[in-house]
Structures are given as structure tokens and as C-alpha cells.
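Right, one structure below, let's go through it.
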Amino acid sequence: MSTQPSQPAALFSPALAARFDQFVTLYPVKRSALVPMLLYAQDETGYLSDAVIAEVAERVGVSELEVRNVISYYSLLRTRPAGKFHVQVCTNISCMLRGGNEILEHCKKKLGVPNKGVTSDGVFSLEEVECIGACSWAPAAQVNYDFHENLTPESIDRVLADYRGRAGK
Amino acid sequence: MATLSTHPDCVPVVSYRFGKGATSIDRYLELEGYEATRKALTLGPDGIINEMKASNLRGRGGAGFPTGLKWSFVPKQSAKPKYVLVNGDESEPGTCKDRLIFEHDPHSVIEGTIIAGLSVQAKMGFIYLRGEYRYLLEITEKAVAQAYAKGFLGKNIFGSGIDFDIVTQTGAGAYEVGEESALMESLEGKRGIPRIRPPFPAVVGLYGGPTIINNAETIATVPHIFRMGGAEYAKLGTERNGGTRLFCLSGHIERPGVYELPMGYNLRKMIYEVGGGIPNGKKLKAVVPGGASTPALTADEIDIGMDFDQVGKAGSMLGSGGVVVLDETTCMVEFALRTMKFYAHESCGWCIPCREGTDWLKKSLTRIHEGGGVDKDIVNIRYLAENMLGRTFCPLGDAAAMPTIAFVQKFRKEFEDHLEGRGCPYRRVREPEPALV
Ligand SMILES: Cc1cc2nc3c(=O)[nH]c(=O)nc-3n(C[C@H](O)[C@H](O)[C@H](O)COP(=O)(O)O)c2cc1C
Ligand code: SF4
Ligand code: FES
């Protein structure tokens, strides 16, 4: 898609832009909207590009450097694209005791990527993560925001196949 | 999606409305919903705090501080606005209970937040959920909107002349942000670097105003205290440990799950009766009683009541309610290493003993686990961990050091068995993971 240089394409959908307009009014200080805004922006655009950072900085009224400082602190925020489906496998204590490492290794093999890797078709990315709050239903993983629990190598295969099937849509 | 587990010994208080469709406000109202707030409105600030003190409720976030007492520290007069902050960052490994509350009963969190606000005349509350809990944020946002529509939030709530607003907030991945002062920094749009104390949040908190900060389960318990009466609630538990709490059983246990049990419930019974014991006829080796930061108990230390005082006396902590069970096939060095990897990853890097200490401990534990360790490494691990204790800027450093000291102290032989090139003896004997269905 080509756009007129004088009329850059909107970075965010109208719905998200409207939401952001509201966000900055919710708190005693505008800056409180920063972390949620970054996460929601990332959810829509895939990652926090320079353009997204500049726009968020502008909306919240802080410098781009300050925005980057905040981004580097939070593990969910990223400045590079992930896969369409970001597979996050927990290997923390409760999951480890019930085979979390094996699930992670299985995913590495199945997807053919190392930890933090993205498949060449961009459909999946894989990350080993810390406790996701599913300890009593371990081992567990999150794909984007969806929880998958009581995993076995067989059940994670089905989960991945299911997302693979949705990739084209 | 996540469901509560039950056993005949369970006492449903916080979980009273779980699985009953209470995310809808109309259903919630049928289940005595918002009656606690109406009652609290008639009691006024002092009456609310007295009821909270009578309940003997202690914070479910980890430290077990008496909630009524915490609220009473907020000054009556304040030039700056006061706030209530609900901590739903739930990131302590082994802990998955707040999730159930938000999923099944978000209105109890809203009610608890309003009542906390009424107790100190705050006009605004924040409910902060960890970024990974997006579906719970959506459930909570809907519940908040329903409460506004009914006039339970906003201007002149319940026709009382009092205004109260609630804003929901998402985190974006950080364990340290669960620490109360780091949480306030995060809510102010910054990196989650903790603040120096004193002043405590009750005096100078969010946006510089006096702030009540409590764990989500603590807050969700509040309406039940007003529904039942503080003294009645207290009676369910033990001395100075009122009521019940959600325990998250995980690890090598037959029936893992989140169970609501009375404070003081015997740990052995919790593992063998409620949780159904250790799978595959294996023996118990250790229990982490309250989340990753609490020192492990050995198999012969489990005849204790699970309340803050008794677990404290046994040399550990009740913590966040995450009970992690380890069977005899578990390598304690590997377990200690995984625990330390977590703290090294989550250390915010602000102070040197924690930033450097967790990293060195991780390196030393890795070396031992892989067979490259020497006797001196074991001594060094203890020395390092003991010297981190009490010397870090926030309690994360202690949370990393305390369990490490216990692992080395109680399972020293296992560390020694790894030395001199031998590496992990458990790798070889470990059976393939049982199929977990
Ligand atoms: C490193 C660290 C992480 C913490 N994480 C959480 C958390 O995820 N949830 C929580 O409620 N409290 C957490 N806490 C405890 C809080 O600092 C605070 O004590 C608690 O929210 C107070 O609530 P309570 O009195 O209701 O327990 C954490 C503390 C530390 C030091
Ligand atoms: S103890 Fe760790 S987490 Fe706490 S301030 Fe120091 S470096 Fe940060
Ligand atoms: S340890 Fe894996 S979800 Fe908690």
C-alpha cells in the first residue's frame, strides 16, 4: 500500500486510537497510561516499532528515550516482531516438576527454532517463560494470551496444529 | 477455564461464589452481592476498620501483615488524594489463586476495593493485573462497567453521597512489579524499581498520596468478612490467623489444584488427604510451603499447621499459598538452580547484592549441577546467600537468598554428590515423566 507522504497511514486502528484517547484521561497523571498503551499497541501492530514508540511518547507526553527505558524493563514488550502465534512455555518450578522442560524441548524440535526464535514463515515464535500462574495445572504454556494446561507432548502437538490451521486466516 | 478443586475439608468463603455465574452482576446480587458494601456504608471508617481487625485477616500476598492494622495506618487527614491499589500481579512461582478469583468472582474484588476505600475515605481504586492475565482483565473490566451502570461506582455510590471510581490496569511482564512500591512505580508509567521506605505506602504511596495496597485475595475476602461478621470469619482459622485461604497444590501430587482450606490446616493432611499423596508410590522429599521464595521443608517437617505463625516457627513462611511438592526423584540442586535462574532473571538490577548475588548464585549452582563444582562452591553459595540477606534494597534479594540457604543446609549431601565431575546423580535414575492426563 502506498500512502501520500503528507498523509501518513494511521498507525493504529480507529478503535484503538479512540481507546488511547480515553486512556490518558483515566489517571491522575497521563503517564500512567504508558504501559497499557504499549502493550495494546504491540497487540495490534505486532511489535513496538520506532514509529509506534514515537506516537506513544507523543500521546503520553514523555520523551522517546523514556518510553524505550520502560519497554526494556517489561518482558512482554518487544521491539522486534514475534511470530503470529507466540508460544510461551513455562519451565518454572511447578512446571519443571511435571515435564515443562520436556514440553519446551518438544516445541523446539517441532517448530525447528531455538528459544526466542521465530519460524521462517513467521507463524510461530517460541519463548521459555517464568511462572504464568497455572502451577496447579502444570505443565502449562500460553499462546499469545490463551492458556494451555496439563500439557503432554501429544497435547501440545494438537495445540500447535490447531494454531497452524488458523495461520492463513 | 481454571477451576477450583474441592475436598470435604474445604471451607468455601472466598470461593463461595465460584462456578455460580457470579461474573454477571445480577447473579452476584442474588448471591448476597454488594450487601457487604451497603453494610460498610452504615458502619463508617472506624466501624469498618474495627470489623477488619476483628476478622484477624492477614495479607494473602506473602508477608501476612494484619489487614485491619494496615488500613488503620492511613492518616485521616491528607492534603493529597488517597488511593486503594489491588495487587493482581500474581507472579510468585507456585501461585495461581488470584486467577481463580478474577475468573469467577470479579465483583468481590470490586466490593473489597470499595470497602477499603470507604475505610480511609479514598475516592479512587486501581486493580492491577499482570499482563499475561488479559482474559481476566477483560472479565474484570466488564464487571466494573456493570457496577458503574448500577450506580455502585462513580458519583454518589448507593445514593450515599460518596464518590468512588475504579480503574483497571494491565502490567506487561515483571515479577518485581508485584513488590508494592515497584507496583506503584509501574502504575505511574515507569520501570518497576522499588522505592525506599519509610515512608510506607499508607503515608506516601501512589502519586504521593496515602495508599492501601493489598493482594487481590485479601481484597476479595473483605466483602465476605462483612457478609459473615469479622468475629465469625476469625473463628474459621487459628489464633491471630483468621479465616481461610486459597492453597495452590502443585508439583508431585496426585490431585494438584487450588483448594480453600482453613488457616492452620495441617500440611501433612493437605498433601496426603486433600492432594491425594505422591503419585506412583513415590516418597516425599520436600515441600516448598508458600511459593518459590519460601524455604523448603523436609519430609519430616510437615506436621505443622499452615498459618503464618506456625510455618514461621518451622523456619519458613506461609507466603503466597503456593504449596509445591517434591518427590524423592527430584534433584534438589536442579530445583535450587531453577529457582535461582528465576530470581536472576527477575532482579531489577537496582542494587548490587541482588543483581550480582543472584547471578553468581546461578553460575555456582549451574557449575555444581553440571559436575564442575568443588567443595568450596557449596561454602561460597551459603556465604553469598547469607550476605545478601537483609542487605538488598527490596525483599526480592531475601526471597532469592532464603530458599537457597535452606536447600544447602537441608540437602547438603545432594550438593556433595554432584561434586568432582560426577554431575547430577538424579539424571540417571529418573524415570521417564509419567503421562499426565
Ligand atoms: C519481589 C516481590 C514480589 C511480590 N509479588 C507479589 C504479587 O505478585 N502479588 C501480591 O499480592 N503481592 C506480592 N508481593 C507482596 C507485596 O509487596 C505486598 O506486600 C502485598 O501486595 C501486600 O498485600 P497483602 O497485605 O494483602 O498481602 C511481592 C513482594 C515482593 C518482594
Ligand atoms: S533487591 Fe533485587 S529486585 Fe529489589 S531493588 Fe535490589 S536489585 Fe531490584
Ligand atoms: S510454575 Fe509454571 S505456571 Fe507456575
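The values are calculated or read from the model by the stated rules, or taken from the named source; none is laboratory data. This one's a predicted model, so the numbers in the text were calculated from it and none came from an experiment. When we count neighbours, we look across all protein chains shown, and the Cβ atoms used for this are built from the backbone with ideal geometry, even at glycine. For accessibility, only protein heavy atoms count, side chains too; no ligands or nucleic acids. Shrake-Rupley method; radii C 1.70, N 1.55, O 1.52, S 1.80 Å.
Quick check on my filter: what residues within the stretch A:13-43 are away from chain B (no Cβ under 13 Å) and over 17 Å from A:Glu64 (Cβ atoms)?
Let us first name the residues in the stretch A:13-43 that are away from chain B (no Cβ under 13 Å), namely A:13-18, A:20-21.
Residues satisfying the conditions are A:Ser13, A:Pro14, A:Ala15, A:Leu16, A:Ala17, A:Ala18, A:Asp21.
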How many residues are open to solvent by less than 20 Å² (accessible area, probe 1.4 Å) and at the interface with another protein chain (Cβ under 7 Å from one of its Cβ atoms) if we restrict to the stretch B:331-349? 4
Taking A:Asp157 as the residue in question, decide whether it is in a helix (DSSP H, G or I), surrounded by fewer than 17 Cβ atoms within 10 Å (Cβ to Cβ), more than 16 Å from ligand 1 (Cβ to nearest atom) and in contact (Cβ under 8 Å) with a residue 12 or more places away in the chain. yes
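Which one of these is hydroxyl-bearing (Ser, Thr, Tyr), touching a Gly at 6+ places or on another chain (Cβ under 8 Å) and away from chain B (no Cβ under 11 Å): A:Ser136, A:Ser125, A:Ser63?
Details: A:Ser136 fails: away from chain B (no Cβ under 11 Å); A:Ser63 fails: touching a Gly at 6+ places or on another chain (Cβ under 8 Å).
Result of the check over A:Ser136, A:Ser125, A:Ser63: A:Ser125.
Looking for whichever is surrounded by fewer than 20 Cβ atoms within 10 Å (Cβ to Cβ) and either of a type outside the set (Gly, Ala, Ser) or in a loop (DSSP other than H, G, I, E, B) (or both) here; the options are A:Leu77, A:Leu65, A:Leu48. Which one fits?
The unique qualifying residue is A:Leu65.
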Residue that is farthest from ligand 3 (Cβ to nearest atom) [pool: residues in the stretch A:132-150 that are assigned to a loop (DSSP other than H, G, I, E, B) and closer than 16 Å to A:Ser75 by Cβ]: A:Asn144
Leading residue by the ranking (most open to solvent (accessible area, probe 1.4 Å)) among those in the stretch B:153-196 that are without any contact (Cβ under 8 Å) to a residue 24 or more places away in the chain and part of a helix (DSSP H, G or I): B:Gly159
Please state which one of B:Ser72, B:Ser55 is of a type in the set (S, T, N, Q), surrounded by fewer than 23 Cβ atoms within 10 Å (Cβ to Cβ) and within 16 Å of ligand 1 (Cβ to nearest atom). B:Ser72
Of the residues that sit in the stretch B:98-134 and are closer than 17 Å to B:Ala172 by Cα and open to solvent by 10 Å² or more (accessible area, probe 1.4 Å), which one is farthest from the other protein chains (Cβ to nearest Cβ)? B:Arg130
Of all residues in the stretch A:83-106, count the ones that are more than 9 Å from chain B (Cβ to nearest Cβ) and in contact with a Phe, Trp or Tyr (Cβ under 7 Å, 6 or more places away or on another chain). 3
Residue, farthest from ligand 2 (Cβ to nearest atom), within the stretch B:68-97, restricted to residues that are within 11 Å of chain A (Cβ to nearest Cβ) and under 18 Å from B:Val167 (Cβ atoms): B:Pro81
Take the stretch B:317-329 and flag every residue that is away from chain A (no Cβ under 14 Å) and surrounded by 23 or more Cβ atoms within 10 Å (Cβ to Cβ). B:Leu318
Please go through the stretch B:254-300 and pick out each residue that is within 17 Å of B:Gly319 (Cα to Cα) and open to solvent by 40 Å² or more (accessible area, probe 1.4 Å). B:Asn266
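Let me confirm something: among B:Thr23, B:Thr6, which residue is surrounded by fewer than 22 Cβ atoms within 10 Å (Cβ to Cβ), among the β-branched types (Val, Ile, Thr) and farther than 27 Å from B:Leu183 by Cβ?
Numbers: B:Thr23 fails: farther than 27 Å from B:Leu183 by Cβ.
Answer to the selection: B:Thr6.
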